Amino acid sequence: FQRTEAPRPPGAKDLHAYPWDKSSLKSMPVDLQQLEKLDAYALKVNVTNSVEELVKALLKQARTDLEKVRAIWMWICHHIEYDVVGYHNKSQLSSKPRDVLQMGKSICEGYAELFEHMCSLAGIQCKKLSGHAKGHAGQTFTGDSDHAWNAVYLEGRWHLLDSTWGSGSVDDSFTKFTYRYNEFYFLTHPALFINNHFPDNSNWQLLKPTLTLQEFENNMLHNSNFYTLGLLAAHPETPVIRTVNGKASVSVDCRSSTLFKFKLKGTDEHGLMTLKKHGMELDIYPQMTGSHKLEIFAKPSKAEASDDVYKCVLEYVVECESVDAAMRFPKELQKPVGPSWFSERQGFLQPSHKEPILHTNDGRCSLTFTLRKDISVLTSLHSDGSGSLAEDMGRRHVLQIYRRNQIELKVHLPHAGNFVLKIYSKKKSDPGNYDYIFNYLIRCLNTEVKWPAFPKSYIKWLQDYEILEPLSGLLPANRNVHFKLKMHGIAKVLVQAENTYPLTLNKGCWEGTCNTSGCREVFVMVHENANHSFYSQVLKYEVETQ
């Protein structure tokens, strides 16, 4: 073993700019793939009789100083567990490297001392640092330090690491430790390390400018998941948000498309979240005053990462001073709301409405999309309360019109209120069910609004047929009603009321008039082939009762 000279204190060339420049999660370039072989070797080393023997074994496969530090780091993170019993009874506890190795467990002090000792045996300058660690937002710190970690000297600069937090995590009551390796705490960029590590000696922040303890306390706590998932920033940057007129807003920026969820007091009912290309935006409308915990979760959107679970990336406290009762959302509203890169990925391109909420005064609205070919669409309208729609009626308040590669969704609301328009799709070639893709919130305050449903269509009504008139599924009684329908590949069309009325083909449209007297229902029937004697029903209208 070579002797290490006394470590020099940190100087100007060790410092990194604060705040984080969003470049790298680490303070020096580390090629994790190149280290995979070494990592696997270090995990298998099984020497516990002496620290010297352990270091000798680990160094067999390590050439550079970075590799030596890596081998020591990997071994400690996977072989020393956090001593939850010792944490509660520190008098019985030794953090001497030899004892830590023998016991196979320790608290942060022991991890840091073992790390420092193993590095010095390997000829690498290493220093044990102590200070405050932040476990949850809004923590305040007084008195003695409560955590220990290390600085290592590599390639002419000081770097930071925390093998206690690299090895796993302890539950809130400090009664159970779980091994869960965390790469984030190996050579962490100092501007990120300061997020939850505040050293007693501010020179060891390795930052310019350095932060004060008060700044450290007030700063937003981002846990390692936040950075590991490629998230860059969150707004606001303070852990407590006060509502303004019953509303609080949060946004997150990230590098690549990421899926998000949120919970306010354990439910996602009281917020409107939209996915953006590089992040998400969330408006929260608590329906009770007081302080509420807001958690935000994220997961990568890669198709192959479907086994990934949502991980908590941010926590806020929302202080609500007044409630905006008008922003109570229907139970059926799914988050996120509105179109996004996700709906685009599913084949819904160029949405006419990019916002999550549609406002209509007359109770009607129309949305268009360009559809990727081979997609079948299903839509339904939902609302809360006494006037809520049965499923079949919910479908009949949305009319789908296909024109080449475009789809238009015409919505006629049955009454005023908040509605959810849900959009499902599947590949035409797939036999299975439709998958839910996205939804909009539609709001109408005009209490005069009362649109009937569109006519009921049957299996023989093809996707590219179009109803030009009548659009209303409810026809007036005792009237002549004009029909105009765009259909192709049909030999004959009849409208069946009390009497039967043929329609005639004119420039691609079947037209004619029918009288509604003496009947409750009107059917449109087609002859697909002039030689057939039977008709198929394609549409059904109701007639108003007298």
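Listing for the model above:
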read-out: Spatial separation of Cα centroids for the stretch 48-72 and the stretch 518-546, in angstrom; value: 85 Å
read-out: Chain lengthening between TYR310 and VAL85 when straightened (0.36 nm per residue, less Cα-Cα); value: 77.9 nm
read-out: Reciprocal of mean inverse Cα separation for the stretch 228-320 (Kirkwood radius, Å); value: 13.5 Å
read-out: Using a Förster distance of 30 Å, the FRET efficiency for LYS460-THR370 (Cβ separation, nearest 0.05); value: 0.65
read-out: Magnitude of the charge dipole, the stretch 14-216, Cβ model with Lys/Arg +1 and Asp/Glu -1, debye to 20; value: 360 debye
read-out: For the chain, projected area of the alpha-carbon convex hull averaged over all directions, nm²; value: 33.3 nm²
read-out: Proximal lysines to LYS507, defined as alpha-carbon separation beneath 18 angstrom and excluding residues fewer than eight positions away on the same chain; value: LYS484, LYS486, LYS492
read-out: Compactness of the stretch 24-127, expressed as Rg and Dmax over alpha-carbon positions, Å; value: 14.0, 43
read-out: Separation between Cα centres of the stretch 180-235 and the stretch 101-156, rounded to whole Å; value: 15 Å
read-out: Ratio of Rg to Rh over the stretch 341-444 (Cα coordinates, Kirkwood Rh, two decimals); value: 0.96
read-out: Gain upon complete extension [SER202, LYS261; 0.36 nm per residue less C-alpha separation]; value: 17.6 nm
read-out: Cα centre as origin, Lys/Arg/Asp/Glu Cβ charges: the chain dipole, Debye; value: 1420 debye
read-out: Order by protection proxy (mean Cβ within 10 Å, highest first), peptides 417-426, 310-319, 232-241; value: 417-426, 310-319, 232-241
read-out: Label-point gap, in nm, between ASN405 and SER169 - each point 7 angstrom along Cα→Cβ; value: 4.5 nm
read-out: Charge tally in the Cβ shell below 9 Å around ARG328, where Lys, Arg are +1 and Asp, Glu are -1, ARG328 excluded; value: -3
read-out: For the chain, share of DSSP beta bridges that run antiparallel, in % to the nearest 5; value: 90 percent
read-out: Sites GLU521 and ASP384 - FRET efficiency at Förster radius 35 Å, r taken between beta-carbons, to 0.05; value: 0.70
read-out: Coordinate range along principal axes, alpha carbons of the stretch 70-196, Å, largest first; value: 40, 36, 28
read-out: Two-site FRET efficiency, THR140 against TYR436, from Cβ-Cβ distance with R₀ of 45 Å, rounded to 0.05; value: 0.50
read-out: Cα→Cβ-extended label distance, 7 Å offset, between ASP392 and ASP253, nm; value: 5.3 nm
read-out: Percent of C-alpha pairs per 10 Å bin, the stretch 456-543, short to long; value: 18, 56, 24, 1
read-out: Segments 83-89, 130-136 sorted - mean Cβ within 10 Å per residue, highest first; value: 130-136, 83-89
read-out: Distance (nanometres) between label positions extended 7 Å along Cα→Cβ at HIS278 and GLN102; value: 5.6 nm
read-out: Listed pairs LYS276/LYS373; LYS263/LYS354; LYS44/LYS311; LYS331/LYS373 exceeding 28 Å between Cα atoms; value: LYS44/LYS311; LYS331/LYS373
read-out: The chain, helix-only ellipticity at 222 nm - DSSP H runs n ≥ 4, -39,500 (n - 2.57), divided by all residues, nearest 500; value: -4500 deg cm²/dmol
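All of the numbers you see were taken from the coordinates with simple rules; none came from a lab. If you're wondering where the values come from, they're calculated on a predicted model, not measured in any experiment. Note that we place each Cβ from the backbone using ideal geometry, even for glycine, and neighbour counts take in every protein chain shown.
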